[in-house]
Amino acid sequence: MDEHESGAAASGASGRLARYVVAATLVRSADGGAVVAIVLLAHASGQPDWASGLLGASITAPHLLGPFIARRLDTARDGRKIIAASALIHGTFLGVAGLMLPVTWAVVPALLLILSGMFGPMLTGGVSSRLPSIVGRSQKSQRRAQSWDVASYGISGTLGPAAVAWIAATSSPLVATLALATAAIAGAGAVLALPRQSPLHDPGTVPSPAHTLGSIWRFGPLRRTLGLTVIVAFSVAVLPIYAVAVAPSLGDAALAGTLVAGYGVGSLTGSAVLMAWPLRGDSDKLTSVLAAVVAAALLLVIATPNFTTALLAFGAAGIANSLFFAATLAARSEYAPLETRGQVFIWVGALKIAAGSAGTAVAGTLISGASWLPVAIVAALSAAAATVCLIQRSKGRT
């Protein structure tokens with residue numbers, strides 16, 4: 001390949017990656033901002049706090065059902081259509097639920113939100129599973145693309161809720177909800193503009209979701225990736241609760257929002273670092289090492305004596321988690337069998353979301369005592385898990 005052809009190939013890969021980032025950010029912003037939009041809309045509609053919480057849970061809890069529809073992604077002749085249809089369904093049910101919430105019993109929009117939430121994992125892990133077909137096969141190109149994928153998660157996780165808050169304040173929560181629904185539907189069209197991934201020669205070889213989960217657990221690198229992903233997600237979910245608990249002692253209860261924003265800025269900073277310097281080395285080892293780095297960052301959070309150092313520590317935790325997340329994406333890409341790649345991505349993503357919800361709940365229960373205790377516990381848990389995985393890997397266990 002001459003210099004002109006090489007440049008054209010690189011330009012083509014960059015264009016495909018840019019389209020991927022746009023599509024991923026659109027659909028993930030809709031998924032990431034949905035809970036905030038629905039809770040705000042429920043409050044504006046006069047729903048009690050308990051009903052608002054249940055409506056928010058109605059769109060997050062069904063993520064656990066996502067893996068049971070994920071097999072279709074691996075067996076489809078054109079996986080783009082499956083993801084685009086998922087984005088379309090997610091956006092449509094979200095929008096209709098928003099329209100129904102102010103005018104009917106809460107159970108009706110709750111059912112619609114459950115249906116919408118079932119397709120959420122397709123917009124996170126399902127989209128990520130398409131990334132290997134978009135860039136070159138070299139580890140360097142794959143890792144750089146995964147860095148952009150981490151950025152997409154960071155941008156959408158920040159942009160979705162922020163856009164909802166701004167639109168709700170300047171217009172109404174209903175308009176914010178409909179804006180998210182529109183983003184998901186627009187994202188469906190953007191997904192169809194991505195390159196098509198070659199279908200499997202024999203879709204019959206694709207196992208069931210339960211069998212796929214079992215195979216993940218039996219294969220060392222994927223088991224360690226899944227286990228560490230779940231534990232780290234459980235751990236970092238403690239941080240917003242800790243921020244609320246510790247903010248008054250740092251000067252003002254309102255500083256909790258700033259601390260959480262610092263974590264978000266750290267995540268985006270980590271994404272930027274990864275774009276310039278993608279991770280190198282074996283992804284199985286990287287996940288364990290970076291899980292230990294997350295544990296160290298969590299300990300740093302509770303060791304800070306004032307607001308400035310606490311803000312820096314929250315930012316450091318965001319950076320550490322961003323690097324860890326990139327390592328897990330690399331491990332899923334490199335170790336997942338071709339016939340179950342979509343299911344592997346979605347299983348890990350769905351269990352990660354469930355673990356994050358559990359971490360928030362546990363932190364809320366424990367925080368009434370010493371505010372530092374939940375963070376110390378999850379830091380120790382992450383460190384222990386990382387150590388066990390490193391020992392298993394050093395002994396060659398599968």
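Any residue at all in the range 270-282 that is basic (Lys, Arg), assigned by TED's automatic domain parsing to the domain that holds Val238, farther than 18 Å from Ala386 by Cα and surrounded by fewer than 24 Cβ atoms within 10 Å (Cβ to Cβ)? Within the range 270-282, one or more residues are basic (Lys, Arg), assigned by TED's automatic domain parsing to the domain that holds Val238, farther than 18 Å from Ala386 by Cα and surrounded by fewer than 24 Cβ atoms within 10 Å (Cβ to Cβ).
Consider the range 200-233 and keep the residues that are polar (S, T, N, Q) and more than 22 Å from Asn321 (Cα to Cα). The one that is modelled with the lowest pLDDT is Thr205. Just one of (1) under 19 Å from Phe93 (Cα atoms); (2) crowded, with 24+ Cβ neighbours inside 10 Å; (3) not hydrophobic (A, V, I, L, M, F, W, C) fails for Thr182. It is (2).
For the range 304-314, the criterion of being more than 22 Å from Gly157 (Cα to Cα), over 21 Å from the mean Cα position of the chain (by Cα) and of a type in the set (Gly, Ala, Ser) is met by none of the residues.
Please work out if Gly160 is at pLDDT below 90 and in contact with a Lys or Arg (Cβ under 8 Å, 6 or more places away or on another chain). Judged against the criteria, Gly160 is a match. What do you reckon, is Ala254 surrounded by fewer than 16 Cβ atoms within 10 Å (Cβ to Cβ), assigned by TED's automatic domain parsing to the domain that holds Val378 and either modelled with pLDDT of 85 or more or of a type in the set (Gly, Ala, Ser) (or both)? Yes; evaluated as a whole, the condition is true for this residue. Checked against (1) within 28 Å of Gly189 (Cα to Cα); (2) out of contact with any His (no Cβ under 8 Å at 6 or more places or on another chain); (3) touching a residue at least 60 places away in the same chain (Cβ under 8 Å), Pro121 meets all criteria but (2). Within the range 41-57, if we keep just the residues that are in contact (Cβ under 8 Å) with a residue 60 or more places away in the chain and crowded, with 22+ Cβ neighbours inside 10 Å, the residue that is nearest to Thr182 (Cα to Cα) turns out to be Leu41. Being among the hydrophobic types (A, V, I, L, M, F, W, C) and under 20 Å from Pro305 (Cβ atoms) holds for only one residue in Leu228, Leu222, Leu259, and it is Leu259.
Okay, residues lined up against (1) closer than 22 Å to Leu123 by Cα; (2) in a helix (DSSP H, G or I); (3) free of Cβ contacts under 8 Å to residues at least 24 places away in the same chain:
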{"residue": "Arg196", "(1), (2), (3)": "yes, no, no"}
{"residue": "Arg223", "(1), (2), (3)": "no, yes, yes"}
{"residue": "Leu226", "(1), (2), (3)": "yes, yes, no"}
{"residue": "Ile241", "(1), (2), (3)": "no, yes, no"}
{"residue": "Leu259", "(1), (2), (3)": "no, yes, no"}
{"residue": "Tyr263", "(1), (2), (3)": "no, yes, no"}
{"residue": "Asp284", "(1), (2), (3)": "no, yes, no"}
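Only one of the numbered conditions (1) modelled with pLDDT of 95 or more; (2) under 22 Å from Ala151 (Cβ atoms) is violated by Ala296, and that is (2). Only one of the numbered conditions (1) more than 25 Å from Ala330 (Cα to Cα); (2) touching a residue at least 24 places away in the same chain (Cβ under 8 Å) is not met by Ile231, and that is (1). Check whether at least one residue in the range 123-146 is over 27 Å from Leu192 (Cβ atoms), of a type in the set (Lys, Arg) and in a helix (DSSP H, G or I), and report yes or no. The answer is yes; a qualifying residue exists.
The values are calculated or read from the model by the stated rules, or taken from the named source; none is laboratory data. This one's a predicted model, so the numbers in the text were calculated from it and none came from an experiment. Positions of Cβ are generated from backbone atoms using ideal geometry, with glycine treated the same way; all protein chains shown enter the neighbour counts.
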